[in-house]
Amino acid sequence: MSFGVVLATATLLAGGAARADDPPAAGEAPEAAAEEATDGAGQDEACDGDGLECSVATDAGTDGPEGESADAAADAGRAGAKIAIDPDAEPTATVVAEHETPSPDEPVGCGYDCRPSDGGSFELYGAGGYLALRDLKLYLSPGETEPDVLVDRALRIDGDGRYFGGGMRITAEGDHLRGGVDFDVFGFTGPELRHDALTPGFRATPRHLTGMNLMAFFGAGADYAPVHPYGEVWLGGQILALDVALEHDTFGALGSASYLALAAGFGPRVGILFELERDLHADLAAMGTIVGDAPRFGLTFGLAYFEGDRPDEDARCSGMACLE
């Protein structure tokens, strides 16, 4: 009797537990099921606090529209988990293209940087070429005593020949423009002395002709790595110094006097700077005279020390583009 009571009680308990675990019947109201799902998703204590899917599902259950299924909440949780798990994922092609687009300030095309050179240079150079003297009037140098035989004889210097010398140049650069001053000294071979007739038996002979040029110049340059071509126009004055020796057929040398001649002119000069190092350049230039009393045509070659800012060599290719 008592065994039968125990068996019946156990059977009753097992049947009740099975009915509690079964899903809701088809006849149950959908509103009740949705309310049950919402209540379960909105309870933070139902999750352990460590699972992202649980957190996303909670948000989905709370903020989503009424009737959203549990599967949609689970999908949202998985998407959120993917983003959180891979924070260092490779950027998309769209992001990469955006970062690779050069800004307006970056070099384009071949990499030319339109920033001009800005600074200055000091140069020492050698010079040589052709010089033509065009009947320049001679003036007695200050402090000299002119021999009586040469007084009022209209002494002049004339002749063509070669000159050799050297000088220094100071140049300022900025915004592709350049300008400065140039000073050089030279020696000249082949001068001829012209004058009115002298007293019979006397001769005047020119000796030791030297010259000095002082010029101002202005022009423009361009930056090509590793060379810098430039063009200029110069305007300058020239001073020639000449010793005139006086001789007599019978008495020989009677002394000498120093004279000066003045000339002015202007003309073009073109050249190119070669970068030996960042601040050291070799300079080769050709110059000529368009108008002047002592036209010359020659070459200069020197070394220039540049102090200032030049665009990086790898960021230049067509300097004249910035002059247009």
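Every condition in (1) closer than 21 Å to Phe122 by Cβ; (2) open to solvent by 70 Å² or more (accessible area, probe 1.4 Å); (3) among the acidic types (Asp, Glu) is met by Asp279 except one, and the failing one is (2). Filtered by the rule that a residue be surrounded by fewer than 19 Cβ atoms within 10 Å (Cβ to Cβ) and under 16 Å from Ile239 (Cα atoms), region 293-306 gives Asp293, Pro295.
Just one of the numbered conditions (1) at pLDDT 90 or above; (2) in a strand (DSSP E or B); (3) among the small types (Gly, Ala, Ser) is not true of Ala154: (2). I need the full set of residues from region 186-197 which are open to solvent by 70 Å² or more (accessible area, probe 1.4 Å) and assigned to a strand (DSSP E or B), in order please. Glu192, Arg194 - these are the residues of region 186-197 that are open to solvent by 70 Å² or more (accessible area, probe 1.4 Å) and assigned to a strand (DSSP E or B). Taking residues in region 218-241 that are under 30 Å from Ala261 (Cβ atoms), and partners anywhere that are small (Gly, Ala, Ser) and in a loop (DSSP other than H, G, I, E, B), the pairs with Cβ atoms closer than 9 Å and at least 6 places apart or on different chains are Gln238/Ala294; Leu240/Ala294; Ala241/Ser141.
Contact map, region 243-265: residues that are under 16 Å from Ala294 (Cα atoms) paired with residues that are buried (at least 16 other Cβ atoms within 10 Å of the Cβ) and of a type in the set (Val, Ile, Thr), Cβ distance under 9 Å, separation 6+ or inter-chain. Pairs shown: Ala261/Ile157; Gly265/Thr289. Scanning region 200-220 for residues that are more than 29 Å from Glu123 (Cβ to Cβ) and open to solvent by 60 Å² or more (accessible area, probe 1.4 Å) yields a total of 3.
Taking region 244-282 as the range and being within 30 Å of Leu299 (Cβ to Cβ) and of a type in the set (D, E, K, R) as the test, the residues that pass are Arg269, Glu275, Glu277, Arg278, Asp279. Could you check region 144-172 and list, in sequence order, the residues that are open to solvent by 30 Å² or more (accessible area, probe 1.4 Å) and over 30 Å from Ser256 (Cα atoms)? Within region 144-172, Met168, Ile170, Ala172 qualify.
Taken over region 225-245, the criterion of being surrounded by 17 or more Cβ atoms within 10 Å (Cβ to Cβ) and within 18 Å of Ala304 (Cβ to Cβ) is satisfied by Ala225, His228, Tyr230, Glu232, Trp234.
Cβ separations smaller than 6 Å between residues 6+ apart or across chains give the following pairs from region 140-169 residues that are among the hydroxyl-bearing types (Ser, Thr, Tyr) to residues that are surrounded by 14 or more Cβ atoms within 10 Å (Cβ to Cβ): Ser141/Ser258; Ser141/Leu260; Tyr163/Leu131; Tyr163/Phe186; Tyr163/Phe188. Here the condition is being in a strand (DSSP E or B) and over 30 Å from Arg207 (Cα atoms); of Tyr259, Tyr305, it holds for Tyr305 alone.
Of the residues making up region 158-179, those that are within 17 Å of Thr210 (Cβ to Cβ) and in contact with a Pro (Cβ under 8 Å, 6 or more places away or on another chain) are Asp158, Gly159, Gly161.
The values are calculated or read from the model by the stated rules, or taken from the named source; none is laboratory data. The structure displayed is predicted, hence computed values, not measured ones. Counting neighbours? That spans all protein chains shown, and the Cβs are built from the backbone with ideal geometry, glycine included. For the accessible areas, the whole protein counts, side chains as well, though only heavy atoms, and no ligand, DNA or RNA atoms are used. Shrake-Rupley method; radii C 1.70, N 1.55, O 1.52, S 1.80 Å.
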